[in-house]
């Protein structure tokens with residue numbers, strides 16, 4: 001296949017060429033002179049399964065022939081001659097083993113790190129182990145690093161690194177990277193003794209990892225061996241290639257340059273990169289586009305060559321004619337513009353590929369394409385944790401860890417996999433709806449078996465079915481929590497049993513849809529792996545198990561190869577290295593995304609990594625730069641970025657900056673005009689996306705509503721607290737009393753201010769009903785005991801109970817001192833007293849529940865209302881908050897049966913908030929007869945069918961949020977807009 005050569009064989013596929021097609025064309029050209037049986041002996045090693053499938057597909061499209069053996073480098077371990085090398089330990093098992101070592105170390109020395117960080121530290125330590133074995137760096141090399149000017153952090157890091165010494169021993173079972181290294185070294189040793197005479201080719205790899213580089217160099221020196229490099233810059237001068245050599249002065253050299261790895265390969269083989277023969281032999285050595293990109297990517301120390309070499313590019317119109325640049329204002333706009341360009345490619349019969357490391361962007365593009373029923377062929381698929389089985393398993397793991405509150409319970413019950421063994425989930429959905437309404441209105445925040453069964457048994461229709469359903473929930477979800485530390489295999493067994501029981505339903509015998517379809521099968525495989533290796537995980541807490549399962553599920557991927565559109569492809573940077581398309585879109589070209597920001601390394605800083613011979617962040621940046629350089633040299637390319645993220649302005653990718661700066665400085669070569677044209681072509685798609693998002697016709701904003709229903713539809717009963725709402729926001733009364741719409745209580749109960757007020761009222765109510773003497777020295781202790789009882793009954797959050805107890809304890813001494821004065825000449829009549837009063841001239845009833853009413857020795861009433869917030873001022877009470885003034889009227893009219901008709905001496909808000917100040921009602925300024933007259937006049941006006949219930953009529957604050965603001969479409973209008981009365985009669 002190859003002629004004899006005194007030098008290693010290394011071929012170059014130039015930039016701008018589709019690597020897989022070029023590889024195929026070169027192979028077919030050489031196969032023509034070979035007998036069929038010789039072709040079948042050829043071994044071609046590629047770097048990805050996708051490349052393997054792609055090359056096989058190309059061979060199937062042409063004339064029949066015996067196929068070469070198309071393999072991955074990792075397939076070497078399956079060769080019979082190398083079976084004496086021990087198999088690699090499963091990655092999950094190694095991860096669990098190291099986690100146990102890390103947890104043991106943290107127990108001995110808790111100052112090293114928090115126990116909760118054990119699994120994260122183990123993950124990064126396992127990654128470091130794999131990198132050390134892949135780069136042939138033994139632990140001794142790490143321990144012997146030059147630690148000049150290093151802080152005490154190194155001693156802590158070394159304590160962890162020493163844990164994994166045992167895994168580098170000769171008799172230790174290797175991990176995946178370690179075994180691959182042994183396999184490659186053993187194969188090279190076999191070839192040294194008996195060189196193979198059949199062709200062996202390594203194609204598509206850049207040699208970025210030490211093991212792969214070693215294999216490539218060995219293959220290149222075989223009698224019939226060859227290495228085919230992807231995307232070699234044939235336009236770069238030899239002087240620039242020379243600048244890519246590793247630095248000898250301790251600096252980091254040019255590892256971030258896209259061609260750096262090729263220079264390393266050539267240096268190791270004694271070759272000059274400028275002399276590499278092209279593959280195939282008739283491949284063009286460069287184009288106007290590749291020359292422009294090559295110059296823009298020159299290493300930083302020689303960018304002054306832009307001035308000297310730039311004019312040689314000539315007119316740049318040819319180089320940029322099929323280049324477009326999208327600079328979107330937001331990530332959403334970027335996704336919409338990309339989706340539009342992909343749609344046009346489908347209509348024009350082009351094959352289009354979106355290449356981006358930004359998975360959020362690719363998911364947004366996928367969502368935008370759904371508008372036209374286009375499902376892209378996404379090489380990365382969907383992360384298992386985001387699929388239905390993945391989410392379900394995470395919810396169930398969370399239920400094992402924490403007490404199930406109402407929100408978690410409903411999340412699981414509403415999941416489509418819950419009770420999925422039944423052909424009709426209708427009854428399950430109806431019962432779930434009924435339970436949600438009950439929990440929102442009545443609670444409790446943390447449902448129990450007792451509360452669930454009480455809810456089920458109160459039903460009069462379908463009671464047996466509801467009881468069985470509630471019993472199923474109680475047996476599965478509500479009794480699954482156990483805070484004790486247990487073995488991992490116990491957790492996995494309980495997790496799977498609970499998930500399968502929930503999927504089966506109360507009457508199911510199977511696991512429903514849980515393990516079906518591609519996502520279910522992948523979830524079952526992942527959970528099976530965890531179960532297989534669980535004995536290596538030791539004991540852990542429920543929270544540690546939840547975090548572990550979440551991270552394991554995040555490593556799985558689900559991809560349906562038959563669902564994607566054949567013309568719309570989404571590739572990661574690895575897939576894009578070895579193939580191209582008619583249209584290539586490079587998305588997310590911002591710093592931190594492309595190239596990605598280096599991941600934090602808790603073990604070795606950059607100088608220590610360089611000393612040890614491990615991968616540097618610059619090497620990863622160089623690989624990203626090579627991916628960009630290959631992709632941007634395709635025939636038609638769209639460069640895309642968002643000018644602003646969700647939080648702040650973005651920084652363009654360094655490669656975009658280089659390209660735009662170069663074009664902007666080449667005025668004589670028409671560079672600025674070409675750059676403007678590139679942006680104009682991109683703006684077309686942004687404008688089109690904006691037009692699509694804009695409605696065909698402008699919708700007028702809603703007016704400020706003021707509905708006016710007929711008199712017989714208006715409310716004839718309100719409470720004293722609702723009168724304030726009627727004055728400030730009449731529309732809220734309209735929504736609640738006329739439309740009969742009540743705001744749903746939140747599903748996730750929180751320790752909010754209303755609940756705190758309820759608890760304080762309950763504590764003070766107990767003070768009165770138990771007749772505690774405020775002069776008693778033990779009164780405070782009794783009150784605190786009552787506080788503890790009420791908090792234990794009504795506040796299920798331990799931390800909040802402590803905080804609220806402290807707040808109550810702060811005001812109790814003040815309350816008891818005032819109570820001594822209040823009880824000198826008064827007697828309590830009752831607490832939480834119900835009262836009602838009918839108006840004389842209007843069909844209307846006023847109702848109230850008074851917190852407390854006392855009676856003086858002179859036979860007069862004292863009305864008290866407890867306020868944990870800020871009591872309304874006298875001015876606010878006169879105009880808006882009429883509660884105490886109206887209660888005084890009701891007392892004098894005999895509206896409270898237990899009180900009788902008494903003159904009101906005083907009505908007071910007892911302040912128990914941040915300021916322990918009382919606020920009396922202005923009875924001297926607003927006597928009860930005047931309040932009664934004003935109130936009757938107010939209600940008479942509200943019974944007028946011409947008067948509208950205006951939204952937000954007199955809110956105290958613009959920031960006020962009402963329950964009915966969304967119904968009134970507040971925001972389309974403002975407080976300064978005039979209300980529009982709507983006659984509803």
Q. Taking strands (runs of 3 or more DSSP E) that do not extend beyond region 321-399, which have at least 3 residues that are touching a helix residue (DSSP H, G or I) at 6+ places or on another chain (Cβ under 7 Å)?
A. 323-328, 352-355
Q. Looking at region 396-411, which of its residues are surrounded by 21 or more Cβ atoms within 10 Å (Cβ to Cβ) and closer than 30 Å to residue 563 by Cβ?
A. 396, 397
**Q.** Subset tally (residues that are within 15 Å of residue 166 (Cβ to Cβ) and surrounded by 15 or more Cβ atoms within 10 Å (Cβ to Cβ)) for region 129-146
**A.** 5
(Q) Can you confirm whether residue 718 is part of a loop (DSSP other than H, G, I, E, B) and either within 17 Å of residue 947 (Cβ to Cβ) or in contact with a helix residue (DSSP H, G or I) (Cβ under 6 Å, 6 or more places away or on another chain) (or both)? (A) no
Q: May I ask you to list the residues in region 31-55 that are under 16 Å from residue 20 (Cβ atoms) and in contact with a strand residue (DSSP E or B) (Cβ under 6 Å, 6 or more places away or on another chain)?
A: 44, 45, 46, 52, 55
**Q.** Answer from 911, 895 - the residue that is over 12 Å from residue 850 (Cβ atoms), surrounded by 14 or more Cβ atoms within 10 Å (Cβ to Cβ) and in contact with a strand residue (DSSP E or B) (Cβ under 7 Å, 6 or more places away or on another chain)
**A.** 911
(Q) I'm trying to understand the selection: among the residues of region 636-658, which are touching a strand residue (DSSP E or B) at 6+ places or on another chain (Cβ under 8 Å) and over 21 Å from residue 364 (Cα atoms)? (A) 636, 656
Q: Working only within region 669-687, note down all residues that are buried (at least 16 other Cβ atoms within 10 Å of the Cβ) and touching a helix residue (DSSP H, G or I) at 6+ places or on another chain (Cβ under 8 Å).
A: 669, 670, 671, 674, 675, 677, 678, 682, 685, 686
(Q) Is it the case, given these coordinates, that residue 100 is touching a residue at least 60 places away in the same chain (Cβ under 8 Å) and in contact with a helix residue (DSSP H, G or I) (Cβ under 8 Å, 6 or more places away or on another chain)? (A) yes
Q) Residues of region 196-242 being more than 16 Å from residue 9 (Cβ to Cβ), in a loop (DSSP other than H, G, I, E, B) and in contact with a helix residue (DSSP H, G or I) (Cβ under 6 Å, 6 or more places away or on another chain), which ones? A) 206, 208, 209, 233, 235, 236
Q.
Restricting to region 114-123, give me the number of residues that are within 16 Å of residue 603 (Cα to Cα) and either in contact (Cβ under 8 Å) with a residue 40 or more places away in the chain or not assigned by TED's automatic domain parsing to the domain that holds residue 157 (or both).
A. 4
Q. Would you pick out the residues in region 798-839 that are part of a loop (DSSP other than H, G, I, E, B), without any contact (Cβ under 8 Å) to a residue 60 or more places away in the chain and surrounded by 13 or more Cβ atoms within 10 Å (Cβ to Cβ)?
A. 823
Q: Output the residues belonging to region 97-140 that are under 25 Å from the mean Cα position of the chain (by Cα) and outside any helix (DSSP H, G or I).
A: 114
Q: Give the residues of region 901-944 that are closer than 30 Å to residue 753 by Cβ, under 53 Å from the mean Cα position of the chain (by Cα) and part of a loop (DSSP other than H, G, I, E, B), sorted by residue number.
A: 912, 913, 914, 915, 916, 917, 918, 921
Q.
Kindly evaluate residue 456 against the criterion of being out of contact with any strand residue (DSSP E or B) (no Cβ under 6 Å at 6 or more places or on another chain), outside any loop (DSSP other than H, G, I, E, B), surrounded by fewer than 19 Cβ atoms within 10 Å (Cβ to Cβ) and outside the structural domain of residue 797 (by TED's automatic domain parsing).
A. no
(Q) I need the full set of residues from region 10-32 which are touching a residue at least 24 places away in the same chain (Cβ under 8 Å) and not in a helix (DSSP H, G or I), in order please. (A) 10, 11, 12, 13, 14, 15, 16, 17, 18
(Q) Considering only region 741-748, I want to know if a residue exists there that is buried (at least 19 other Cβ atoms within 10 Å of the Cβ), in contact with a helix residue (DSSP H, G or I) (Cβ under 9 Å, 6 or more places away or on another chain) and not assigned by TED's automatic domain parsing to the domain that holds residue 441. (A) no
**Q.** Number of the exception - residue 854 against (1) in contact with a strand residue (DSSP E or B) (Cβ under 8 Å, 6 or more places away or on another chain); (2) under 20 Å from residue 918 (Cα atoms); (3) surrounded by 15 or more Cβ atoms within 10 Å (Cβ to Cβ); (4) in contact (Cβ under 8 Å) with a residue 40 or more places away in the chain
**A.** (4)
Q: Determine whether region 184-199 contains at least one residue that is modelled with pLDDT of 85 or more and in contact with a strand residue (DSSP E or B) (Cβ under 6 Å, 6 or more places away or on another chain).
A: no
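Mind listing whichever residues of region 65-96 are within 30 Å of the chain's Cα centre (by Cα), surrounded by fewer than 18 Cβ atoms within 10 Å (Cβ to Cβ) and assigned to a helix (DSSP H, G or I)? Give the derivation first.
Going through region 65-96, the residues within 30 Å of the chain's Cα centre (by Cα) turn out to be 90-96.
In the following step, the residues that additionally are surrounded by fewer than 18 Cβ atoms within 10 Å (Cβ to Cβ) were identified as 90-91.
Correct list: 91 only.
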Q | Candidate set from region 39-57 (those that are buried (at least 16 other Cβ atoms within 10 Å of the Cβ) and in a helix (DSSP H, G or I)); member that is modelled with the lowest pLDDT | A | 50
Q. Does region 439-448 include one or more residues that are in the same structural domain as residue 388 (by TED's automatic domain parsing), under 12 Å from residue 506 (Cβ atoms) and part of a helix (DSSP H, G or I)?
A. no
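The values are calculated or read from the model by the stated rules, or taken from the named source; none is laboratory data. From a predicted model like this one, the values you see are computed outputs, not experimental measurements. Quick reminder, even Gly has a Cβ in these numbers, built from the backbone with ideal geometry, and neighbours come from all protein chains shown.
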